[in-house]
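K.L.:
Take this structure first; my questions come after.
The values are calculated or read from the model by the stated rules, or taken from the named source; none is laboratory data. Everything numeric in this text was worked out from a predicted model, so none of it was measured. Neighbour counts are summed over all protein chains in view; Cβ atoms, including those assigned to glycine, are modelled from backbone coordinates with ideal geometry. All accessible areas refer to the heavy atoms of the entire protein, side chains included, with ligands and DNA or RNA removed. Shrake-Rupley method; radii C 1.70, N 1.55, O 1.52, S 1.80 Å.
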Amino acid sequence: MPHSSLKNVFASLVVIPSLLYSTWFSPPDTSKSRPTVRAVRAINPISVDGLLTEQEWQAPGISDFTQRDPEEGKPATQRTEVWITYDDAALYVAARMHDTAPDSIVTRLGRRDADLNSDFFFVGVDSYHDRRTAFYFGVNPGGSIQDGTFYNDQQNDNSWDGVWEVATSLDSQGWTAEMRIPFSQLRFPDQEEYIWGVNFLRIINRRNEEDYFVMVPKKESGDVSHWADMVGIRDIHPPARLEILPYVVSSNLFTDNFSPGDPFNDGKKFSGNIGADVKVGLGSNLTLNATFNPDFGQVEVDPAVVNLTQYETFFDEKRPFFIEGSSFFRFGRGGVNSNWGFNWGDPDFFYSRRIGRPPQGFVQHSGFSDFPDRTTILAAAKVTGKISEGWSLGSLTALTTREEAEVEDATGARYRDVVEPLTSHNVVRSLKEFNDGAQGVGVLGTAVLRDLDQPYLAGQFNRNSFALGVDGWTNLDSDRRWVVSGWSSATRIEGSVARILAVQKSSLHYFQQPDSYQKLDSAATSLTGYAARVAVNKQKGNWRFNSAVGVITPGFNSNDLGFLFQTNVLNGHIVSGYQWYDPDGTFRRKGFNVAVFRSYDFSGNKIGDGYFLFADAQFMNYWSVYFNGSYQPPQLDNTVTRGGPLMASFYEGYNGGFEVYTDSRKHFVFSLNLFGVRKIGRERFIVGAGVEWKPRPEVKVSLSPGFDHNITSAQWVTQRADPLAVQTNGVRYVFANIDQKEFSANIRLDWTFTPRLSLQLFLQPLISVGRYTHFKEFAAPRTFEFNEYGENGSVISYSGGAYTVDPDGPGVAPSFQFDNPDFNFKSLRGNAVLRWEYLPGSTLYFVWTQSRTNEADPGDFRFGRDFSNLLSGKSDNVFLVKISYWLNP
């Protein structure tokens, strides 16, 4: 790519924001007629029993519901009536779901927010009345509940768990639901009279029918912005909000993984903890969440992975404190309903798994060590909510303690080595929306500050890191059909000379690369960079379109509190497609998308190029199929040599995938997915299957096995300096063929005794075996050529678990060694969780977690033997009891 192409990319980054500015002061016409719902003040006390005997429920209810599925726009096949009333403390919603076949009502039991194939009733309340955000509350006939929030008009987040009451009842007319939603669970400014947004949804599972009071057609965009206005609520005030959740936890570890004579590990470890979470209302719209001496141990285990790449593995957040309200910290994706990316990963500026992670430092002494498995969070607090109409705020700060590993050397002397410094993690996010969400502009800032109080820590950690970003969007027409969005950010990290040099050489930067645009600075004590992206998206209609261009400079680094996939990239794509939403006798819906992308580095090298086809369809019997195929032309790879010269990429070739899913309403649900790669230097085949069995309404069993066979002729092994390797700049880059076979499965049992008492069992076996052959060295930059050891005078031998290579045989080049990289990694992870919500907001957990690993027979895959070895491998068992009690003084 000539440098003029780089100029074209930067020109796009300038022109599109200019378009944003030019449309900002021409707001679209957002006026529209919408239905009105009236809430009436309750005359009598409401008993939440699901029987609907109160006078308030006897008048005719709201009953004008419309199908979105399966026959969009037609009246609902079953009548639904809804009533709303209120008193000084709460909003009450009652619904009668009439049914001409009450024996066909589908009800299943599941714990809170479980994805259940069941009849359901939902109510959504936009108490801010910003037409962008809302709370939702749902219940099925068996009393299982779902709740959460809407953001960005149509995206939802089930991490919010409100404290509210609901009861249901089944009778000869159908089923009923009665809800009490305390005003303390909603957010709204103090006014004399209120107008809130509201909508209702009924799901009739046996017909896959969705009936809405305000039905938004599939061709349209948005959700909350279309809702009805709820009027009539007056003479109430936002209540003072204070919630306290103290907890006690006890944990016992029993392990076989310890060495004889280890003074720190005799196979048993007992621990206990007490702490509290506090929620305080700051005015009517903001909430302060604070946690003291928190228990941030995870109840659900992370999956085991075998990562042979230079990239970090991303794990999902599972800790409630960080999950709840996470939508307030989302950055760069507001205002649009479709985000695409090819060979591109948006930097994540707030990756909460960085807080409380396992310590990243190293012990300074040899011997047995007592190394902490996580960093203790002393305290954390966050503020989320609305500053004013259309203006949201999210702020979080967390302080993690100085962690030490105790080491005992061979003489019996003990040392305490710091392996994680005292650290302050901080993030602030604010977003202002205008014209009912037609435009928006936001800012995000992060800061990580470390106390490096030991000299050796300066070479292991960044002292400080900062990130600052702005984002926004604007609709381009009054119909909100087209929208332009974008973001821009700058980062700066600070540290010692040794630390910043190590960062420059790390897998995110590779400044030592011979072709690197940004060269190593061996005297630097800081590193700065910037990143930006702009996108155009068509929001609605049958035809869809999305295009984006982005840039991440070589020095950009948000990893201290974020997650960064790559740097040194300029990337753009175009996607266009068509969706059919009307049934045609064969398909209920169908669609396709085509896409093209290209990426360059800052030296003008083409490092990504591809053409894609995606297709999907749902048959009339509710089976679904998905297909994807791609072709990637010749390109270069600037990371595979891990800081070495560019290689002609083995990405050239074809990919293809196919998936099929059966009707999710059935007692047995099946899925199958196939994926294949055929490229220069690489072949890969993946097959996965799934079966879900629902023998009873309260029981669900699922099994998802998979097999991945990957054959690559250029798998990285190691590198060795040798001034005689003149073609590759004085370094020998060693690669090999690898034949990797991996079997995995996810096995889960959900048994829900009542909506408040449930048992979950989870098991994940993994067997991953890699055999390396045909060791060789990279021959010349910008090629896919290698000099195989054992040919043309070179010699390779194997002894004692290591390979010895003489690259030129009788020549003068020095020989070198490396360990046998073959592996046979076997893992079994599982847990059992008994959860009882014994009072609203108060929970008791009993948890058993087990993990096993085994690495016998490297390079040799034999399923029966490997699985037997896994079952007989050493294990870690953790037994945990946790009880919390919700107080609302």
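K.L.:
Considering only residues that are farther than 23 Å from residue 732 by Cα and open to solvent by 50 Å² or more (accessible area, probe 1.4 Å), which ones fall in the range 495-521?
P.N.:
497, 498, 499, 521
K.L.:
Being in contact with a strand residue (DSSP E or B) (Cβ under 6 Å, 6 or more places away or on another chain), closer than 22 Å to residue 808 by Cβ and open to solvent by 50 Å² or more (accessible area, probe 1.4 Å) is the filter here, so list the residues in the range 709-735 that pass it.
P.N.:
719, 720, 721 - these are the residues of the range 709-735 that are in contact with a strand residue (DSSP E or B) (Cβ under 6 Å, 6 or more places away or on another chain), closer than 22 Å to residue 808 by Cβ and open to solvent by 50 Å² or more (accessible area, probe 1.4 Å).
K.L.:
Using the structure shown, decide if residue 752 is without any contact (Cβ under 8 Å) to a residue 24 or more places away in the chain, open to solvent by less than 50 Å² (accessible area, probe 1.4 Å) and in contact with a Ser or Thr (Cβ under 8 Å, 6 or more places away or on another chain).
P.N.:
Numbers: without any contact (Cβ under 8 Å) to a residue 24 or more places away in the chain: no; open to solvent by less than 50 Å² (accessible area, probe 1.4 Å): yes; in contact with a Ser or Thr (Cβ under 8 Å, 6 or more places away or on another chain): yes.
It is false that residue 752 is without any contact (Cβ under 8 Å) to a residue 24 or more places away in the chain, open to solvent by less than 50 Å² (accessible area, probe 1.4 Å) and in contact with a Ser or Thr (Cβ under 8 Å, 6 or more places away or on another chain).
K.L.:
Determine which member of the set 758, 768 is more than 20 Å from residue 866 (Cβ to Cβ) and not aromatic (Phe, Trp, Tyr).
P.N.:
Being more than 20 Å from residue 866 (Cβ to Cβ) and not aromatic (Phe, Trp, Tyr) holds for just one of 758, 768, which is 758.
K.L.:
Looking only at the range 471-516, how many residues end up being in contact (Cβ under 8 Å) with a residue 24 or more places away in the chain, more than 25 Å from residue 550 (Cβ to Cβ), out of contact with any strand residue (DSSP E or B) (no Cβ under 8 Å at 6 or more places or on another chain) and hydrophobic (A, V, I, L, M, F, W, C)?
P.N.:
Result for the range 471-516: 3.
K.L.:
Quick check, is residue 352 polar (S, T, N, Q), more than 20 Å from residue 573 (Cβ to Cβ) and crowded, with 19+ Cβ neighbours inside 10 Å?
P.N.:
Taking the combined requirement at face value, the residue satisfies it.
K.L.:
Now for a separate question. Suppose we keep only residues that are more than 17 Å from residue 293 (Cα to Cα) and hydroxyl-bearing (Ser, Thr, Tyr) within the range 866-889. Which one would you say is surrounded by the most Cβ atoms within 10 Å (Cβ to Cβ)?
P.N.:
875
K.L.:
Still on this structure, I have one more. Looking at (1) hydrophobic (A, V, I, L, M, F, W, C); (2) without any contact (Cβ under 8 Å) to a residue 24 or more places away in the chain; (3) closer than 18 Å to residue 724 by Cα, which is the only condition residue 802 fails?
P.N.:
Just one mismatch for residue 802, condition (3).
K.L.:
A further question on this structure: Assuming residue 128 fulfils every condition listed in (1) surrounded by fewer than 21 Cβ atoms within 10 Å (Cβ to Cβ); (2) touching a residue at least 40 places away in the same chain (Cβ under 8 Å) apart from one, which condition is it?
P.N.:
Looking at each condition in turn, residue 128 falls short on (1).
K.L.:
Another question, then. Can you tell me which residues in the range 580-615 are surrounded by fewer than 16 Cβ atoms within 10 Å (Cβ to Cβ), hydroxyl-bearing (Ser, Thr, Tyr) and part of a strand (DSSP E or B)?
P.N.:
Within the range 580-615, 611 is the sole residue that qualifies.
K.L.:
Do we find that residue 149 is closer than 25 Å to residue 101 by Cβ and assigned to a strand (DSSP E or B) in this structure?
P.N.:
Details: closer than 25 Å to residue 101 by Cβ: no; assigned to a strand (DSSP E or B): yes.
When the stated conditions are applied, residue 149 does not pass them.
K.L.:
Are any residues in the range 120-143 more than 12 Å from residue 170 (Cα to Cα), of a type outside the set (Gly, Ala, Ser) and not in a strand (DSSP E or B), and if so, which ones?
P.N.:
Hits for the range 120-143 are 128, 129, 130, 131, 132, 133.
K.L.:
When you check residue 158 against the structure, is it buried (at least 21 other Cβ atoms within 10 Å of the Cβ), polar (S, T, N, Q) and on the phi < 0 side of the Ramachandran plot, yes or no?
P.N.:
Working: buried (at least 21 other Cβ atoms within 10 Å of the Cβ): no; polar (S, T, N, Q): yes; on the phi < 0 side of the Ramachandran plot: yes.
It is false that residue 158 is buried (at least 21 other Cβ atoms within 10 Å of the Cβ), polar (S, T, N, Q) and on the phi < 0 side of the Ramachandran plot.
K.L.:
Need pairs with beta-carbon distance below 7 Å; first residue free of Cβ contacts under 8 Å to residues at least 12 places away in the same chain and within the range 401-414, second part of a strand (DSSP E or B) and of a type outside the set (D, E, K, R); sequence gap 6+ or separate chains.
P.N.:
What qualifies is 414/407.
K.L.:
Tell me which residues, restricted to the range 363-411, are assigned to a loop (DSSP other than H, G, I, E, B), open to solvent by less than 20 Å² (accessible area, probe 1.4 Å) and modelled with pLDDT of 90 or more.
P.N.:
Going residue by residue through the range 363-411, those that are assigned to a loop (DSSP other than H, G, I, E, B) are 363-367, 371-376, 389-390, 401-402, 409-411.
Those left that are additionally open to solvent by less than 20 Å² (accessible area, probe 1.4 Å): 375, 390.
Once the filter is applied, which keeps residues that are assigned to a loop (DSSP other than H, G, I, E, B), open to solvent by less than 20 Å² (accessible area, probe 1.4 Å) and modelled with pLDDT of 90 or more, the range 363-411 yields only 375.
K.L.:
Run down 677, 699, 625, 691 and say which single residue is surrounded by fewer than 18 Cβ atoms within 10 Å (Cβ to Cβ), more than 25 Å from residue 579 (Cβ to Cβ) and free of Cβ contacts under 8 Å to residues at least 40 places away in the same chain.
P.N.:
It is 691.
K.L.:
Identify all residues within the range 764-785 that are aromatic (Phe, Trp, Tyr) and open to solvent by less than 50 Å² (accessible area, probe 1.4 Å); write none if there are none. If you could, list the steps in order and put the result at the bottom.
P.N.:
Just the residues of the range 764-785 that are aromatic (Phe, Trp, Tyr), to begin with: 772, 775, 778, 784.
Those that are aromatic (Phe, Trp, Tyr) and open to solvent by less than 50 Å² (accessible area, probe 1.4 Å): 772, 775, 778.
K.L.:
Of everything in the range 522-559, what is open to solvent by 20 Å² or more (accessible area, probe 1.4 Å) and of a type in the set (D, E, K, R)? Give them in sequence order.
P.N.:
Those that are open to solvent by 20 Å² or more (accessible area, probe 1.4 Å) and of a type in the set (D, E, K, R): 538, 544.
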